[in-house]
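The values are calculated or read from the model by the stated rules, or taken from the named source; none is laboratory data. Bear in mind the structure is a predicted one, so any value in this text is a computation, not a measurement. When we count neighbours, we look across all protein chains shown, and the Cβ atoms used for this are built from the backbone with ideal geometry, even at glycine. The accessibility values were calculated without ligands, DNA or RNA, using every heavy atom of the protein model including side chains. Shrake-Rupley method; radii C 1.70, N 1.55, O 1.52, S 1.80 Å.
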Amino acid sequence: MTPDELADLYRARHSKALLPLADRLERHIQGIFGGKRHIDRISARAKSPERFIEKAFKLESGSPKYSDPINQIQDQLGARIVAFYLSDRDALATLVKDYFAPIEEKQIVPDTPDRFGYEGKHFVLFLPGDILSKDIPEQHIPTFFELQIQTLFQHAWGEANHDLAYKPFLDLSADQQRKVAFTAAQAWGADLIFEELANELLLHRCRLTTRWSRPGQPGVWL
Amino acid sequence: MQPTTLLSYLVHPHKSLLIPSDSPGASLPLSGTLFGMLNVVFDKSDNECDIPVRFVMSPEGEQSNVARDLVLAFIDGPTLKTGRSLANRLRDCTTLKSGLGLLFLMLASQDGKTKLVISRFPAEEGILAEEAKTILKVEFIERIFMKNAASYKAALYQGSSPDSDFWAGFVIDRQLNRSSDQIANYWISDFLASDFKTTSKAGTRRLAIALREATQTAPLPAKQEIVAAIALAKGMSGKSLSMVSFLQQLSLSDEAQAAIIARVPNPDLIGDTFILDQEEFLQNAPLAMVELDTGGIMLAPSDRFSDTFERELLDSKSDRYRFTTEGRVVDERLRGRRP
């Protein structure tokens with residue numbers, strides 16, 4: 001398949017299948033997890049044709065990374081759940097496996113412990129049949145989608161980093177790289193501290209609620 | 001599409017035994033009576049294999065699965081050697097209870113599409129009578145296959161891309177609904193390292209929401225049946241079922257069934273098998289029930305219980321209430337036998 005043919009194929013897939021499916025996927029995930037506490041947002045998106053083409057022709061050690069991009073790139077549909085704290089993220093990861101069928105589960109962390117950068121929990125999951133319908137051409141329906149679960153700080157850092165620093169054509173100076181790593185370290189630290197605070201304060205709140213609650217009366221929440 | 005590769009292996013039970021032996025296997029002719037029989041199995045698999053399954057990821061969370069790797073290796077190079085790896089895996093999962101089996105690997109490729117059917121037939125017993133000129137020789141035989149399809153198992157995989165396809169397929173397991181989960185797990189979980197494509201909670205949630213929504217949209221007589229179905233679902237907890245089998249087991253009227261199926265987001269999913277999860281069911285289709293010390297029982301979907309039954313406190317000391325409701329009687333029956 002020539003690059004032009006691939007681009008045309010993906011554009012057709014994007015408009016006929018991925019855009020409506022992303023919308024349905026978002027609603028489907030919201031239906032399952034929307035009522036859980038400490039979820040900031042749930043979103044889903046269709047990978048844009050530009051980003052897909054950019055990824056499809058990516059090189060790895062001088063050779064094309066993908067031999068069959070339309071079947072190998074698994075984040076044509078991507079979803080994200082942003083949770084408040086680290087423990088919420090981990091609890092959600094367990095729930096994801098209850099409702100979706102995974103073929104991959106990864107905890108993304110920097111390569112070595114002395115580095116700071118992108119962190120998150122990633123899944124590759126079967127696209128749920130609940131969001132499919134006859135009006136979407138079968139040949140354009142991807143088998144899988146990618147789900148990321150992040151904390152608020154991981155999400156915030158990832159978005160800013162993607163906007164400013166994550167550009168394959170851009171060489172960051174040493175100082176800029178240190179600044180990017182510094183913000184990642186701060187996000188990592190903030191997650192850690194908030195997790196500790198959540199453990200202390202939410203547990204305290206829970207105890208108070210249990211002690212002051214009476215049958216038929218709402219608990220007292222501080 | 002007709003099979004272009006037909007291999008067969010005699011698979012002995014070897015689970016927990018120390019020295020397993022390889023089955024030599026045989027390549028079968030692509031014509032003749034046996035081919036005709038197997039071609040029917042191959043052809044029918046499109047309809048017969050109706051339980052969606054998927055290979056599970058590795059315990060480390062990676063995109064690899066031992067059984068899928070063997071399937072892909074066989075599709076890539078369908079030889080007696082690659083087929084034997086699948087036969088040996090089945091052998092290592094087979095207990096004495098499952099017994100001797102004959103494994104068939106049937107593969108076809110056309111226009112870039114590949115179809116693989118893996119089927120296992122258990123050994124049956126029979127009597128062979130051979131008449132010579134002056135004597136009749138009667139012999140007991142333990143290795144008769146394909147006589148009875150009661151315990152027949154098969155798996156069907158189709159696709160064109162080894163990257164995105166062949167992660168999911170369809171199976172038939174005639175023993176799946178029998179009481180022993182161990183037997184059912186033998187084919188799907190142990191041999192294919194797979195699970196139902198629809199998870200327990202996802203399938204249960206889909207069913208429960210369809211039932212709950214149908215209680216709001218169904219015509220009045222069907223509504224009562226659906227409420228009763230919600231109450232009865234508890235008894236099916238932990239069992240593998242599909243939405244279709246659930247509705248059939250409860251003998252719901254056509255009207256009630258249609259109202260429930262209409263609430264399923266994708267009607268193609270009504271045949272998907274999953275294990276009913278009671279907790280998930282109750283979360284999505286809760287029923288509220290109040291039983292009085294007089295023996296009276298009131299039952300309604302929990303989100304509409306207070307609209308249906310008006311509650312009035314008569315005496316707080318003795319905790320006495322009066323419930324009132326109003327409506328047209330759509331069904332009235334006596335359950336159980338009179339003494």
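Sort out which residues of the range B:261-295 are among the charged types (D, E, K, R), surrounded by 14 or more Cβ atoms within 10 Å (Cβ to Cβ) and more than 13 Å from chain A (Cβ to nearest Cβ), and write them in order of number.
Across the range B:261-295, there are no qualifying residues.
Return the residues of the range B:124-145 that are touching a strand residue (DSSP E or B) at 6+ places or on another chain (Cβ under 7 Å) and touching a residue at least 40 places away in the same chain (Cβ under 8 Å); say none if nothing qualifies.
Looking only at the range B:124-145, we keep the residues that are touching a strand residue (DSSP E or B) at 6+ places or on another chain (Cβ under 7 Å), and these are B:124-130, B:136-142, B:144-145.
The answer is B:Glu142, B:Phe145.
On the basis of being more than 9 Å from chain B (Cβ to nearest Cβ), under 18 Å from the mean Cα position of the chain (by Cα) and not in a strand (DSSP E or B), does A:Val96 make the cut? Walk me through how you get there before you give the answer.
On the way: more than 9 Å from chain B (Cβ to nearest Cβ): yes; under 18 Å from the mean Cα position of the chain (by Cα): yes; not in a strand (DSSP E or B): yes.
Yes.
Is it the case that the range A:54-66 has a residue that's over 17 Å from the mean Cα position of the chain (by Cα) and under 18 Å from A:Phe123 (Cβ atoms)? Explain how you work it out, then say what you get.
The first filter runs over the range A:54-66 and keeps only residues over 17 Å from the mean Cα position of the chain (by Cα), leaving A:54-66.
Add one more test, that the residue is under 18 Å from A:Phe123 (Cβ atoms), and what stays is none.
Taking every residue of the range A:54-66 in turn, none turns out to be over 17 Å from the mean Cα position of the chain (by Cα) and under 18 Å from A:Phe123 (Cβ atoms).
Could we say that A:Ala79 is in contact (Cβ under 8 Å) with a residue 40 or more places away in the chain and within 14 Å of another protein chain (Cβ to nearest Cβ) here?
Numbers: in contact (Cβ under 8 Å) with a residue 40 or more places away in the chain: yes; within 14 Å of another protein chain (Cβ to nearest Cβ): no.
No; evaluated as a whole, the condition is false for this residue.
Among the residues of the range B:204-219, are any of a type outside the set (Phe, Trp, Tyr), free of Cβ contacts under 8 Å to residues at least 40 places away in the same chain, assigned to a helix (DSSP H, G or I) and surrounded by 15 or more Cβ atoms within 10 Å (Cβ to Cβ)?
no
Quick check on the range A:99-123: of everything there that is at the interface with chain B (Cβ under 7 Å from one of its Cβ atoms) and in a strand (DSSP E or B), which residue is nearest to B:Phe281 (Cα to Cα)?
Among those residues, the one meeting the criterion is A:Pro102.
Run down A:Ile81, A:Ile73 and say which single residue is under 24 Å from B:Ala168 (Cα atoms) and not charged (D, E, K, R).
Values: A:Ile81 fails: under 24 Å from B:Ala168 (Cα atoms).
It is A:Ile73.
For the range A:113-135, how many residues meet the condition of being farther than 29 Å from A:Leu86 by Cβ and crowded, with 16+ Cβ neighbours inside 10 Å?
As a first pass, look at the range A:113-135 and keep what is farther than 29 Å from A:Leu86 by Cβ: A:129-135.
The next check asks that each one be crowded, with 16+ Cβ neighbours inside 10 Å; those that pass are A:129-132.
The number of residues fulfilling the criteria is 4.
Since A:Ala181 meets every condition but one in (1) without any contact (Cβ under 8 Å) to a residue 60 or more places away in the chain; (2) open to solvent by 30 Å² or more (accessible area, probe 1.4 Å); (3) away from every other protein chain (no Cβ under 14 Å); (4) of a type outside the set (Val, Ile, Thr), which condition does it not meet?
It fails just one condition, (1).
What are the pairs with Cβ atoms under 6 angstrom where one residue, in the range B:146-164, is in a strand (DSSP E or B) and the other, located anywhere, is at pLDDT 85 or above and open to solvent by 60 Å² or more (accessible area, probe 1.4 Å)? Sequence gap at least six, or different chains.
B:Leu156/B:Phe170
So the check is Cβ under 6 Å with 6+ separation or different chains; which pairs have a first residue in the range A:123-144 that's farther than 18 Å from B:Val53 by Cβ and a second one that's among the charged types (D, E, K, R) and open to solvent by 10 Å² or more (accessible area, probe 1.4 Å)?
Correct list of pairs: A:Phe123/A:Glu105; A:Ile131/A:Arg24; A:Pro137/A:Lys16; A:His140/A:Arg13; A:His140/A:Lys16.
Tell me the residue from A:Lys58, A:Lys47, A:Lys16 that is in contact with a His (Cβ under 9 Å, 6 or more places away or on another chain), basic (Lys, Arg) and open to solvent by 70 Å² or more (accessible area, probe 1.4 Å), please.
Numbers: A:Lys58 fails: in contact with a His (Cβ under 9 Å, 6 or more places away or on another chain); A:Lys47 fails: open to solvent by 70 Å² or more (accessible area, probe 1.4 Å).
Among A:Lys58, A:Lys47, A:Lys16, only A:Lys16 is in contact with a His (Cβ under 9 Å, 6 or more places away or on another chain), basic (Lys, Arg) and open to solvent by 70 Å² or more (accessible area, probe 1.4 Å).
State which residue pairs qualify: first residue more than 18 Å from B:Thr198 (Cβ to Cβ) and without any contact (Cβ under 8 Å) to a residue 60 or more places away in the chain and inside the range B:234-260, second residue open to solvent by less than 40 Å² (accessible area, probe 1.4 Å) and assigned to a loop (DSSP other than H, G, I, E, B) in any location, beta carbons under 7 Å apart, and separation of 6 or more residues or different chains.
Correct list of pairs: B:Ala256/B:Ala218; B:Ala259/B:Ala218.
Of all residues in the range A:149-171, which are outside any helix (DSSP H, G or I) and surrounded by 21 or more Cβ atoms within 10 Å (Cβ to Cβ)?
Listed by number, the residues that qualify are A:Ile149, A:Gln150, A:Thr151.
Of the residues that sit in the range A:124-145 and are within 12 Å of another protein chain (Cβ to nearest Cβ) and over 24 Å from B:Thr204 (Cβ atoms), which one is nearest to the chain's Cα centre (by Cα)?
A:Pro142
For the range B:263-281, state whether one or more residues are closer than 23 Å to B:Pro221 by Cα, outside any helix (DSSP H, G or I) and modelled with pLDDT of 90 or more.
Scanning the range B:263-281 turns up at least one residue that is closer than 23 Å to B:Pro221 by Cα, outside any helix (DSSP H, G or I) and modelled with pLDDT of 90 or more.
When you look at A:Tyr166, is it in contact with a Phe, Trp or Tyr (Cβ under 8 Å, 6 or more places away or on another chain), more than 10 Å from chain B (Cβ to nearest Cβ) and among the hydroxyl-bearing types (Ser, Thr, Tyr), yes or no?
no
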